[in-house]
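Chemist: My questions will all concern the structure given below.
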Amino acid sequence: MKKSTASRTIFMIINYILLIATSLICLLPFVNLLAISFSDSAASTAGKVTFWPVNFTTKSYEFIITGGAFFPALWVSVKRVLLGVFVNMVLMVLTAYPLSKTKAQLRGRNIYMIFFVITMLIGGGLIPTYLLVVRLGLLDSIWALILPGALPVYNMIILMNFMRTLPVELEEAAMIDGAGPFTVLVRVILPLLTPALATVGLFCVVGHWNEWFSGLIYMQKTIHYPLQTYLQSLLKNMDVIMRLATTDYIKLLSLMSARTGRAAQLFLAALPMMLVYPYLQKYFTTGLVLGSVKG
Amino acid sequence: MRKFKKQWAYHLMLLPGIAAIFIFSYIPLYGLIIAFQKYNPALGFASKWVGFDNFRHIFNQPNFVRTIWNTLYIAFFKILGGIIVPVFFSLLLNEIRHTRIKRSFQTLIYLPHFLSWVILAGVISDILSVNGIINQFISVLGFKPIPFLSTPRLFPWAMIVTDIWKGFGFGTVVYLAAITGIDPELYEAAIVDGGTRFQQTLYITLPLLAPTIMLMSILSLGSVMNAGFDQIFNMYAPIVYETGDIIDTYVYRLGIEKAQFSMGATVGMFKSLVSCILVSLSYFMADRFAGYRVF
């Protein structure tokens, strides 16, 4: 017994060391990013910055306010998230509710279900979708970022599974009182579904916030880029953006570099998610568990 | 009469969702027809019919065969690591009894999961660059800096490792949830029989975790054609095409950058078909062997 506790102690020490090291591997890259964003051009170019700023300066952050398109892009992203998630939620609720009914309650339910599920298995892919969006005249419109993914089928199915767990008595009682299906949905079902709606809603928020590719292919004017697409363009063109933003490029370069400027904007863009994700965690795990509720 | 009215309302609710899916999923699916045509933007889907010419042409491209190999190679190791690493860490975390400490570790390793590949690509490119923090340490140790992202031999592994880094926190939470669901009486019985913690892990936790591990492996079969466009697109360069170019990045360059829509659609259709078979197979196997139904 004594021997077992000794080996247990050794194991627990190794275990803690491993877990702390792993946590640091997940955290330190962002500390390094933050340190670079507050360092000056010379220190970052010389590769002297580790986890603390060298020759502290806020020049890179000042640049974000005066040059580049960080804030306009942030505004596009905010609009996109609000509009996109609203469209997602309306379509998901309207689709999931009838599909949560049985075959007897909704004639053709299984055919509808197949219609939606097939799109999870096979799709046209990038090129035909791109050509369609072009044909619809949606280039440079915010709707190009919203309509192609207007109904996220997987999340809709999660929501449908949630709805099926609700007791039918409440719904029947409301029907007997003369409420129609739309009234039942809004007055009875939705209030009971708040946790589920929060879960799928968060999936959609994170999805829209992090999505960058449709901005790249559907927005021709960079002024219409959402934040993530703007960041994507920074990865390659930060020096071009800096050159365009100033009349004295050489002077600007002595204060900040493409690297520090990029670091500042990446950090600023990551910050909102870093602040809220610890609170979102539990919704993501419930969503995961409930997504697998058998239909 | 009442019943009819109710049904009618359900069908009406489904209408917007059906419209959205029809336009943005089924029309692009039909749009794959251009894989059999020589696409002319003026004629659209009525372009000249060329049968299997595009397929013959594309399969004769050495670059195309290369992208298939790269895709399978990168995806395979991502899937493998994406299962082993989270299982390992969930077992380690499970040994920690303090809920608060356990949750702190969970939260920290979960961080990269919530950030977009654009932000992470920016961070990783910086860390792995020649004057990035990893090469700073390598220099301190007296070695020459390693250009990780522009060395063809190392590039796929940089993708595999960073992908596991992004996703393992999420996977760990999934497996930890499965471990929490194990009947505590089994452990009590083992303790009575004098089983050590290690034996409990080996003979109780792991075997009972096996179905979840198998389910996750089966479900990931559907993603062997997806080597991670978002990640690779934001980190690769022509110098590593030979090992890093995957089907999706190839389609993008062919279809969007070079505007060879028919060729892009041909490759996309090939990928779509193979994926469809694999996803269907994985859903079938998940149902058959793990009793898991997605819908």
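Chemist: Within region A:78-98, identify whether any single residue is outside the structural domain of A:I146 (by TED's automatic domain parsing), crowded, with 18+ Cβ neighbours inside 10 Å, in contact with a helix residue (DSSP H, G or I) (Cβ under 7 Å, 6 or more places away or on another chain) and under 30 Å from A:G207 (Cβ atoms), and answer yes or no.
Modeler: Step one: filter region A:78-98 for residues outside the structural domain of A:I146 (by TED's automatic domain parsing), giving none.
Scanning region A:78-98 turns up no residue that is outside the structural domain of A:I146 (by TED's automatic domain parsing), crowded, with 18+ Cβ neighbours inside 10 Å, in contact with a helix residue (DSSP H, G or I) (Cβ under 7 Å, 6 or more places away or on another chain) and under 30 Å from A:G207 (Cβ atoms).
Chemist: Does at least one position in region A:234-257 carry a residue that is aromatic (F, W, Y) and more than 10 Å from every other protein chain (Cβ to nearest Cβ)? Let's see the steps before the verdict.
Modeler: Here is the first cut: in region A:234-257, the residues aromatic (F, W, Y) are A:249.
Right, trim to more than 10 Å from every other protein chain (Cβ to nearest Cβ) and you get A:249.
Yes - at least one qualifying residue is present in region A:234-257.
Chemist: Then there is this: Would you mind telling me which numbered condition in (1) within 11 Å of chain A (Cβ to nearest Cβ); (2) more than 21 Å from the chain's Cα centre (by Cα); (3) closer than 28 Å to B:M159 by Cβ B:L111 fails?
Modeler: Status for B:L111: all satisfied but (2).
Chemist: Let me ask another. In region B:138-192, what count of residues is obtained for those that are charged (D, E, K, R), at pLDDT 90 or above and assigned to a loop (DSSP other than H, G, I, E, B)?
Modeler: 2
Chemist: Which one of the conditions (1) among the polar types (S, T, N, Q); (2) within 11 Å of another protein chain (Cβ to nearest Cβ); (3) out of contact with any Lys or Arg (no Cβ under 7 Å at 6 or more places or on another chain); (4) touching a residue at least 24 places away in the same chain (Cβ under 8 Å) does B:S262 fail to meet, given that it meets all the rest?
Modeler: Single failed check for B:S262: (3).
Chemist: Looking at B:A227, B:A237, B:A290, B:A286, can you tell me which residue is within 11 Å of chain A (Cβ to nearest Cβ), in contact (Cβ under 8 Å) with a residue 12 or more places away in the chain, within 29 Å of A:Q232 (Cβ to Cβ) and out of contact with any strand residue (DSSP E or B) (no Cβ under 7 Å at 6 or more places or on another chain)?
Modeler: Details: B:A227 fails: within 11 Å of chain A (Cβ to nearest Cβ); B:A290 fails: within 29 Å of A:Q232 (Cβ to Cβ); B:A286 fails: within 29 Å of A:Q232 (Cβ to Cβ).
Selected residue: B:A237, the only one of B:A227, B:A237, B:A290, B:A286 that is within 11 Å of chain A (Cβ to nearest Cβ), in contact (Cβ under 8 Å) with a residue 12 or more places away in the chain, within 29 Å of A:Q232 (Cβ to Cβ) and out of contact with any strand residue (DSSP E or B) (no Cβ under 7 Å at 6 or more places or on another chain).
Chemist: Considering only region A:22-29, I want to know if a residue exists there that is small (G, A, S) and within 30 Å of B:S90 (Cα to Cα). So that I can check it myself, show each step before the final result.
Modeler: We begin by selecting, within region A:22-29, every residue small (G, A, S); these are A:23.
Among the residues that remain, those that are also within 30 Å of B:S90 (Cα to Cα) are: A:23.
Yes, region A:22-29 contains a residue that is small (G, A, S) and within 30 Å of B:S90 (Cα to Cα).
Chemist: I want to confirm something. Restricting to region A:169-203 and keeping residues that are in contact with a Lys or Arg (Cβ under 9 Å, 6 or more places away or on another chain) and in a helix (DSSP H, G or I), which single residue is nearest to the other protein chains (Cβ to nearest Cβ)? Lay out the reasoning, then the answer.
Modeler: Taking region A:169-203 first, the residues in contact with a Lys or Arg (Cβ under 9 Å, 6 or more places away or on another chain) are A:174-175, A:179-181.
With the extra rule that they be in a helix (DSSP H, G or I), the set shrinks to A:174-175, A:181.
Working: A:A174: 12, A:M175: 8, A:P181: 4 Å.
Applying the filter and picking the extreme gives A:P181.
Chemist: Related question: Which residues, taken from region A:1-41, are in contact (Cβ under 8 Å) with a residue 24 or more places away in the chain, outside any loop (DSSP other than H, G, I, E, B) and away from chain B (no Cβ under 12 Å)?
Modeler: Hit for region A:1-41 is A:S41, nothing else.
Chemist: For region B:45-125, list the helices (runs of 4 or more DSSP H) that sit wholly inside it and hold at least 2 residues that are buried (at least 18 other Cβ atoms within 10 Å of the Cβ) and touching a Leu at 6+ places or on another chain (Cβ under 9 Å); which are they?
Modeler: Details: elements: B:53-59, B:62-94, B:99-110.
Filter on region B:45-125 gives B:62-94, B:99-110.
Chemist: Hey, B:K144 hits all of (1) in contact with a Ser or Thr (Cβ under 7 Å, 6 or more places away or on another chain); (2) without any contact (Cβ under 8 Å) to a residue 40 or more places away in the chain; (3) not hydroxyl-bearing (S, T, Y) but one; which does it fall short on?
Modeler: Of the numbered conditions (1) in contact with a Ser or Thr (Cβ under 7 Å, 6 or more places away or on another chain); (2) without any contact (Cβ under 8 Å) to a residue 40 or more places away in the chain; (3) not hydroxyl-bearing (S, T, Y), the odd one out for B:K144 is (1).
Chemist: Return the only residue of A:A264, A:A269 being farther than 14 Å from A:A73 by Cα and part of a helix (DSSP H, G or I). Lay out the reasoning, then the answer.
Modeler: On the way: A:A269 fails: farther than 14 Å from A:A73 by Cα.
Exactly one residue qualifies, and that residue is A:A264.
Chemist: State whether the residues of region B:229-245 include one that is β-branched (V, I, T) and more than 16 Å from B:S150 (Cβ to Cβ). Give the derivation first.
Modeler: Kept after step one, since they are β-branched (V, I, T), are these residues of region B:229-245: B:232, B:239-240, B:243.
Checking the rest, the ones that are also more than 16 Å from B:S150 (Cβ to Cβ) come to none.
No; the residues of region B:229-245 include none that is β-branched (V, I, T) and more than 16 Å from B:S150 (Cβ to Cβ).
Chemist: Same structure, new question: Residues of region B:68-82 being more than 12 Å from the chain's Cα centre (by Cα) and of a type in the set (S, T, Y), which ones?
Modeler: Correct list: B:Y73 only.
Chemist: Also, quick follow-up: Check A:L136, A:L185, A:L170 and return the single one that is surrounded by fewer than 17 Cβ atoms within 10 Å (Cβ to Cβ) and either touching a Leu at 6+ places or on another chain (Cβ under 7 Å) or over 26 Å from B:T249 (Cα atoms) (or both). Even if it seems obvious, please write down each step before you answer.
Modeler: Details: A:L136 fails: either touching a Leu at 6+ places or on another chain (Cβ under 7 Å) or over 26 Å from B:T249 (Cα atoms) (or both); A:L185 fails: surrounded by fewer than 17 Cβ atoms within 10 Å (Cβ to Cβ).
It is A:L170.
Chemist: Given the conditions (1) under 20 Å from the mean Cα position of the chain (by Cα); (2) surrounded by fewer than 19 Cβ atoms within 10 Å (Cβ to Cβ); (3) part of a loop (DSSP other than H, G, I, E, B), which single one is not true for B:A259?
Modeler: B:A259 satisfies all of (1) under 20 Å from the mean Cα position of the chain (by Cα); (2) surrounded by fewer than 19 Cβ atoms within 10 Å (Cβ to Cβ); (3) part of a loop (DSSP other than H, G, I, E, B) except (1).
Chemist: Is there any pair linking a residue in region A:171-195 that is over 17 Å from A:L94 (Cβ atoms) and at pLDDT below 90 to one that is among the hydroxyl-bearing types (S, T, Y) and assigned to a helix (DSSP H, G or I), with Cβ under 9 Å and at least six apart or on different chains, and which?
Modeler: Final answer for the pair search is A:A174/A:T183; A:P195/A:Y283; A:P195/A:T286.
Chemist: Same structure again: State whether the residues of region A:216-228 include one that is out of contact with any Gly (no Cβ under 8 Å at 6 or more places or on another chain) and free of Cβ contacts under 8 Å to residues at least 40 places away in the same chain.
Modeler: At the first step, the residues of region A:216-228 found to be out of contact with any Gly (no Cβ under 8 Å at 6 or more places or on another chain) are A:216-223, A:227.
Among the residues that remain, those that are also free of Cβ contacts under 8 Å to residues at least 40 places away in the same chain are: A:216.
Yes, region A:216-228 contains a residue that is out of contact with any Gly (no Cβ under 8 Å at 6 or more places or on another chain) and free of Cβ contacts under 8 Å to residues at least 40 places away in the same chain.
Chemist: Right, here's the next one. Of all residues in region A:136-154, which are within 12 Å of another protein chain (Cβ to nearest Cβ) and part of a helix (DSSP H, G or I)? Before the answer, list the steps.
Modeler: Applying the first criterion (within 12 Å of another protein chain (Cβ to nearest Cβ)) to region A:136-154 yields A:136, A:138, A:143-144, A:146-154.
Selection gives A:W143, A:A144, A:I146, A:L147, A:P148, A:G149, A:V153, A:Y154.
Chemist: Name the single residue, out of those in region A:269-295 being in contact with a Leu (Cβ under 9 Å, 6 or more places away or on another chain) and more than 10 Å from chain B (Cβ to nearest Cβ), that is modelled with the lowest pLDDT.
Modeler: Within region A:269-295, the match that is modelled with the lowest pLDDT is A:G287.
The values are calculated or read from the model by the stated rules, or taken from the named source; none is laboratory data. If you're wondering where the values come from, they're calculated on a predicted model, not measured in any experiment. Neighbour counts run over all protein chains shown; Cβ positions are idealised from the backbone, glycine included.
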